[in-house]
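Structure first, then comments.
Values quoted throughout were computed directly from the atomic coordinates according to the rules given, and no laboratory measurement underlies them. Computed from a prediction, not measured in an experiment: that's the story for all the values here. As a convention, Cβ positions derive from the backbone with ideal geometry for all residues, glycine included, and neighbour counts pool all protein chains shown.
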């Protein structure tokens with residue numbers, strides 16, 4: 001089973017990734033690769049530098065980030081990658097892993113802003129106006145190798161609205177997980193349901 005994650009800033013994508021890891025998924029993130037490159041260049045890991053370096057890497061090879069991410073989890077029977085942000089990454093996912101399930105995470109903007117301020121990461125030190133500006137910069141683009149969150153959400157096989165508690169989020173992800181399993185392993189769906197409920 002292969003799940004790819006996308007979604008809006010502060011929606012809970014990393015929380016979903018951490019949950020999938022507890023469920024036995026191998027996980028790799030393009031964001032980690034980008035942060036490593038930002039650090040290698042002795043730059044602060046801010047949202048602006050992350051976006052700029054990601055766009056630079058994609059301009060050289062639009063598939064570099066997603067290909068490297070897929071390779072990191074290719075050996076696992078259950079794999080998940082994050083966090084797809086461009087048209088070409090979605091296209092590449094469909095080419096390289098046709099059976100992948102694209103799961104989008106979203107939440108109301110006020111909740112997402114509250115979350116990023118609470119997590120206190122350097123890249124998230126933004127006032128609300130800058131947060132909206134950053135979100136708008138990532139929302140749409142005519143360049144297929146530049147962030148386009150709106151397109152990614154439209155291409156998702158399912159969207160989880162993360163507007164409640166952690167337990168609510170996990171329950172919604174489990175429901176999507178069951179859908180994925182039923183889609184790709186219809187003969188084993190009942191056995192899988194029993195395992196989840198055990």
Choice from 148, 162, 42 with maximal GNM fluctuation in the chain (Cα, 10 Å cutoff) = 42
Full extension between residue 174 and residue 157 adds, at 0.36 nm per residue less the Cα distance, a length in nm of 4.7 nm
Please report 106, 142, 168 as a ranked list, fewest other C-beta atoms within 10 angstrom at the top and most at the bottom.
-> 142, 168, 106
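How much mean residue ellipticity at 222 nm does the chain get from its helices, if each DSSP H run of length 4 or more adds -39500 (n - 2.57) and you divide by all residues, to the nearest 500 deg cm²/dmol? Kindly include the intermediate steps, with their values, before the conclusion.
Details: 10 runs with 113 residues, N = 198.
Only helices count here, giving -17500 deg cm²/dmol.
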Could you line up 56, 129 from fewest to most neighbouring Cβ atoms inside 10 Å?
-> 129, 56
Quick one: if the Förster radius is 22 Å, what FRET efficiency do residue 18 and residue 121 give, using the C-beta to C-beta distance and rounding to 0.05?
-> 0.90
Using a 10 angstrom cutoff on alpha carbons, build the Gaussian network for the chain and name the most mobile of 66, 81, 111.
-> 111
Dividing the Cα convex hull volume of segment 11-93 by residue count, how many Å³ per residue is that?
-> 101 Å³
For segment 59-157, the Cα gyration tensor yields equivalent-ellipsoid semi-axes (√(5λ), largest first, whole Å) of 26, 16, 13
All alpha-carbon distances of segment 58-115, grouped into 10 Å bins from 0, give the whole-percent distribution 19, 46, 24, 11
Pick from 174, 112, 60: which residue has the top mean-square fluctuation in a GNM of the chain where Cα pairs under 10 Å get a spring?
-> 60
Order of 87, 13 - criterion: other Cβ atoms within 10 Å of each residue's Cβ, fewest first = 87, 13
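Once Rh is set to the Kirkwood radius over Cα pairs, what Stokes-Einstein translational diffusion coefficient, in µm²/s, holds for the chain at a temperature of 20 °C and a viscosity of 1.002 mPa s?
Values: Rh = 17.3 Å.
Approximately 124 µm²/s, per Stokes-Einstein.
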Note to self: C-alpha centroids of segment 6-20 and segment 67-139 sit apart, in Å, by 7 Å
